């Protein structure tokens with residue numbers, strides 16, 4: 001059975017728990033919450049929590065009630081992000097604020113986050129509440145750094161690394177850490193679970209950044225969106241740093257002014273692929289994946305450990 | 001000593017704790033957080049938590065670290081509210097989104113909320129985490145109801161009551177309940193503290209709604225702002241329901257279309273004062289204040305109980 005088929009077996013129970021968790025939301029935001037949560041998504045964070053808990057010896061229906069709080073938090077950040085970016089689409093469907101009013105979408109995000117926090121608090125383990133709220137805080141901080149870095153070329157590579165650690169890796173780290181905590185794992189195991197999650201999260205974002213430059217014929221999405229949105233991701237940074245001075249000056253001016261067209265972005269994406277800068281980002285991702293696999297070594301050699309290793313392969317290899 | 005002078009003695013220590021709590025916020029949102037938190041405000045919620053805890057036997061520096069999480073949550077809702085309302089001013093100063101970008105303001109709200117949740121979780125009492133996150137959830141739900149009710153005349157009085165219970169009273173209830181919980185009060189005392197807070201909160205909002213129709217010469221604020229914002233508060237509902245049919249039809253059309261001018265709002269406010277509809281809202285507030293005072297009866301007869309009674313007087317009597 002492929003990883004995808006194996007994970008698909010988990011999804012009905014997770015989606016059922018998610019549906020139950022939405023029952024307490026204010027009626028007025030329920031359509032917004034359903035819109036973002038039923039638009040699809042891989043349920044990566046709940047899956048990681050469930051698998052990590054099972055690997056460490058806990059497997060019951062209740063664990064899924066905890067797991068879906070991460071999808072709610074993730075959905076809340078997507079709602080706010082789409083408002084901030086004036087996004088038109090999300091997961092191939094119309095973005096929420098094109099269907100609902102901006103206030104409703106902002107408050108739906110707030111309500112989802114509040115309800116997720118309440119569900120974690122109701123679980124009654126202060127370590128889980130702390131982990132969850134710190135992940136929320138780091139995610140917000142990462143998004144703030146991302147906005148501050150937009151349309152700028154003077155942000156260091158290490159600042160970029162810390163930004164993606166915040167906006168993406170912390171929540172995936174929290175998913176794995178919370179799974180281990182809920183399973184009452186010992187401190188070394190909790191640390192290993194968190195380390196696996198953080199490294200998988202970093203790799204996930206780096207591959208995402210590489211995929212932004214893949215040909216539209218492969219991904220089905222417009223290529224070079226990050227160029228136009230003024231995001232100096234690793235592949236784009238390599239491209240920019242290797243330009244001749246005159247070309248670089250022109251690029252900087254257009255990039256910082258947000259003046260690059262879809263056609264120019266596609267040309268840059270093609271050059272990035274020709275030069276292999278997207279592959280370089282994948283290589284960087286692989287460094288994190290090696291660390292993620294190492295973290296798994298001290299965890300029990302159960303089938304779930306193999307699944308978590310396969311998820312590292314999936315993150316490395318995904319083509320869209 | 002007046003209540004105000006007495007409460008002023010508490011403020012330096014609360015403001016110091018608040019300043020400390022902001023240290024962990026992402027640097028990029030710190031100016032936004034400082035802007036909203038240093039613009040003033042009565043620190044009503046932290047004060048209530050501190051006084052309730054002291055009344056029930058707990059008085060240490062740490063209690064203020066807990067108390068300020070409520071001000072952070074309150075500030076987060078104000079930031080999002082001002083974005084939703086396109087407000088120009090807040091507490092007599094420019095609203096945050098006139099000074100900072102909308103994305104920064106939204107994310108500053110998210111970061112304040114996340115950090116407040118993390119601080120409560122770090123306290124390590126799951127009852128506090130639950131109380132805090134439920135208050136957040138109810139506040140968001142109340143705001144959603146408020147937006148859904150805007151520029152409508154078909155919202156029932158009881159729906160309006162539930163809306164203000166959510167948007168205002170829950171958080172004030174949580175402040176009092178958390179103070180009692182942190183003081184390790186018994187269940188009946190916690191219930192009484194929560195009841196006091198909820199009733200004070202309801203009264204506070206009803207008086208606020210009455211004050212919206214006070215003459216600008218008294219409050220220093222434009223009169224009838226709620227008319228123009230399409231909020232059918234209790235005084236305005238009484239005004240509208242007592243119009244002759246033709247007048248009411250005209251009012252409904254203008255109100256629902258958001259077409260009422262500042263001059264028309266001032267005329268309506270004057271009629272509301274002449275008819276005593278604002279006084280009727282204060283009378284309704286007083287019903288809640290009676291319940292608030294009753295709740296205090298079972299709490300210990302310490303000086304703080306007298307202060308909490310004086311705060312009920314203050315809510316009843318305030319003229320701006």
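Here the ratio of the Cα radius of gyration of the range B:146-214 to 2.2 N^0.38 Å is 1.32.
Taking label points 7 Å from Cα along the Cα-to-Cβ direction, residue A:187 and residue A:286 give a separation of 3.6 nm. For the peptide B:28-38, the mean number of other protein chain Cβ atoms found within 10 angstrom of a residue's Cβ is 1. Where does helix B:61-85 land angle-wise versus the long Cα axis of chain B, in degrees 0 to 90, nearest 10? Compared with the principal axis, the helix lies near 30 degrees. In nanometres and ascending order, the distances from the residue A:286 label point to those of the other copies are 7.9 (point 7 Å from Cα along Cα→Cβ). Note on chain A: GNM, Cα springs under 10 Å; of A:118, A:295, A:182, the largest mean-square fluctuation is that of A:118.
Take the Cα of residue A:317, step 7 Å toward its Cβ, do the same at residue A:19, and the gap between the two points is 3.2 nm. Stretching residue B:297 away from residue B:93 to a fully extended chain increases their span by 69.5 nm, per 0.36 nm per residue minus the current alpha-carbon distance. If one takes the longest principal axis of the Cα atoms in chain B, at what angle in degrees, from 0 to 90 and to the nearest 10, does the Cα axis of helix B:170-182 lie? Computed tilt is about 10 degrees. Compactness of the range B:165-320 is given as radius of gyration and Dmax, 18.3, 59 Å, from Cα positions.
Helix B:277-296 and the longest principal axis of the Cα set of chain B meet at an angle near 20°. Relative contact order for the range A:66-169: 25 percent, from Cα pairs under 8 Å spaced at least 6 residues apart, divided by residue count. Cα centroids of the range A:270-320 and the range B:140-186: how far apart, whole angstrom? Going from one Cα centre to the other spans 47 Å.
Which whole-number percent gives the relative contact order of chain A, counting Cα pairs below 8 Å spaced six or more residues apart?
Details: 433 pairs, mean separation 60.6, N = 320.
Worked out over chain A, it gives 19 percent.
D by Stokes-Einstein for chain A, Kirkwood Rh over Cα pairs, 10 °C, 1.306 mPa s: 78 µm²/s. The alpha-carbon atoms of the range A:1-153 define a convex hull whose volume equals 138 cubic angstrom per residue.
Give me the compactness ratio for the range B:39-117, meaning the Cα radius of gyration over 2.2 N^0.38 Å.
Working: Rg = 14.5 Å, N = 79, 2.2 N^0.38 = 11.6 Å.
Normalised Cα radius of gyration, the range B:39-117: 1.25.
Rounded if a/c is under 1.5, else prolate if a/b is larger than b/c, else oblate: which is the range A:68-195, with a ≥ b ≥ c the root eigenvalues of its Cα gyration tensor? Note, shape of the range A:68-195 comes out oblate.
How many partner chain Cβ atoms sit within 10 Å of a residue's Cβ in peptide B:142-150, on average, as a whole number?
Working: counts 2, 7, 13, 4, 3, 6, 8, 1, 1.
Taking all residues of B:142-150 together, the mean is 5.
Between A:180, A:33, A:148, the Gaussian network model of chain A with springs among Cα atoms under 10 angstrom shows the greatest mean-square fluctuation at A:148. Distances from residue B:101 to itself in the other copies, using label points 7 Å out along the Cα-Cβ axis, amount to 2.6 nm in increasing order.
Over the protein assembly as shown, the reciprocal of the mean inverse Cα-Cα separation, the Kirkwood hydrodynamic radius, stands at 26.3 Å.
For the range B:141-277, calculate the relative contact order in percent as a whole number, restricting contacts to Cα pairs under 8 Å that are 6 or more residues apart.
Numbers: 152 pairs, mean separation 36.5, N = 137.
In percent, rounded to a whole number, it is 27.
Working ranking of peptides B:237-245, A:169-177, A:206-214 by packing, defined as the average number of other Cβ atoms within 10 Å per residue, highest first, is A:169-177, A:206-214, B:237-245.
Bear in mind that the values in this text are calculations on the coordinates, not laboratory data. Quick caveat: nothing in here was measured; it's all calculated off a predicted structure. FYI the Cβ positions are ideal-geometry reconstructions off the backbone, even for glycines, and counts take in every protein chain you see.
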